[in-house]
Amino acid sequence: MRRIHRYLFVLVACLCIPSAAAAAARPLTIFAAASLKESLDAVEHAWEAAGHSKFVVSYAASSALARQIEQGAPADVFISADNRWMDYLQERNLIVPASRFVLVRNRLVLVAPATSPLTSLDPARKTDVLKALGSGRLAVAETSSVPAGVYAKQALVGSGLWNALSSHLAQGENVRATLEFVARGDTPLGIVYATDAKVEPRVKVLATFAADTHQPIVYPAARTTQAADAKLAAALLAFLRGKQAQEIFRGAGFADGR
């Protein structure tokens, strides 16, 4: 019986070794809001050039990413496009509160296809917006859970447009899907982040929503409690809030998180 116990102990130990090795070998992984793609890709190059190993980023709506982390997806760092989904993970003890900080801020804009005859449009003038929309739809991200869509709904309510437009929305799974609706000309108007409009030459900005029509657009970042290498994840977060990375974010149109 003792021999059997020793054999089982050795077998279990051997089975655990590949699992531990696999965890150690996994590259540092960030789950980040889709609107951060170009800037975070550039930050990754800077991080690697500084002598660190490459990290990988999974981009999607913050709501989808938070739920994936809740279900056990292997993320070391989470960057949300709002506080709601970071709070969601914090309430479930899935991020380290002491590591949390606001990385950058953004603005919300009204866009049209680059080929549109419109050059500007005041969101506060409901008649003008309805005329510009015609029989088409207004592209927004999903308004109940995706941060860009939640902010868009707040802006429409704050501008007195929600009741008139709520039944005329084309809702995308994330802000980049929304941007694509407008870029392809599928919708005459859309609401996206200013940074998204900046990287898409097929759209043009007609107006920027007043800051008091929606909650501040902030991107909190934090280390997850399941990070495979807590020290490396902490180093990456420090790099993200450092001068070099912040210059990249500013160049992409983001405002400082402070």
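The numbers here are math on the coordinates, done by the rules we state, and not lab data. Every value quoted in this text rests on a predicted model; they were computed, and no experiment measured them. Using ideal geometry, Cβ is built from the backbone for each residue, glycine included, and neighbour counts are taken over all protein chains shown.
At a glance:
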| read-out | value |
| --- | --- |
| Between the range 28-96 and the range 179-258, the Cα center-to-center distance that results, in Å | 12 Å |
| Residues with amide H under 5 Å from that of residue 114, placed H, sequence gap 5 or more | 203, 204 |
| Considering only the chain, percent of DSSP beta bridges that pair antiparallel, nearest 5 | 60 percent |
| Hull-based mean projected area of the chain, where the convex hull spans the alpha carbons, in square nanometres | 16.9 nm² |
| Max mean-square fluctuation residue, GNM over the chain, Cα-Cα springs under 10 Å, options 142, 173, 91 | 91 |
| Residue-count net charge about residue 190 - beta-carbon cut-off 13 Å; Lys, Arg +1, Asp, Glu -1 | +1 |
| Over the range 144-258: Rg over Rh, Cα atoms, Kirkwood Rh | 1.03 |
| Spread of Cα-to-Cα distances over 10 Å intervals beginning at zero, given as percent, for the range 108-208 | 18, 58, 23, 0 |
| Under the span-like rule (Cα at least 24 Å along the axis, Kyte-Doolittle mean at least 0.5), DSSP H helices of the chain | 2-25 |
| Cleavage-rule hits, trypsin sites (Lys or Arg not before Pro), the range 159-242, DSSP coil, Cβ neighbours within 10 Å at most 16 | 184, 202 |
| Selection from 129, 68, 211, by position along the positive dipole direction of the chain (Cβ) | 68 |
| Approximate spin-label separation residue 73-residue 56, in nm, with each point projected 7 Å along Cα-to-Cβ | 1.3 nm |
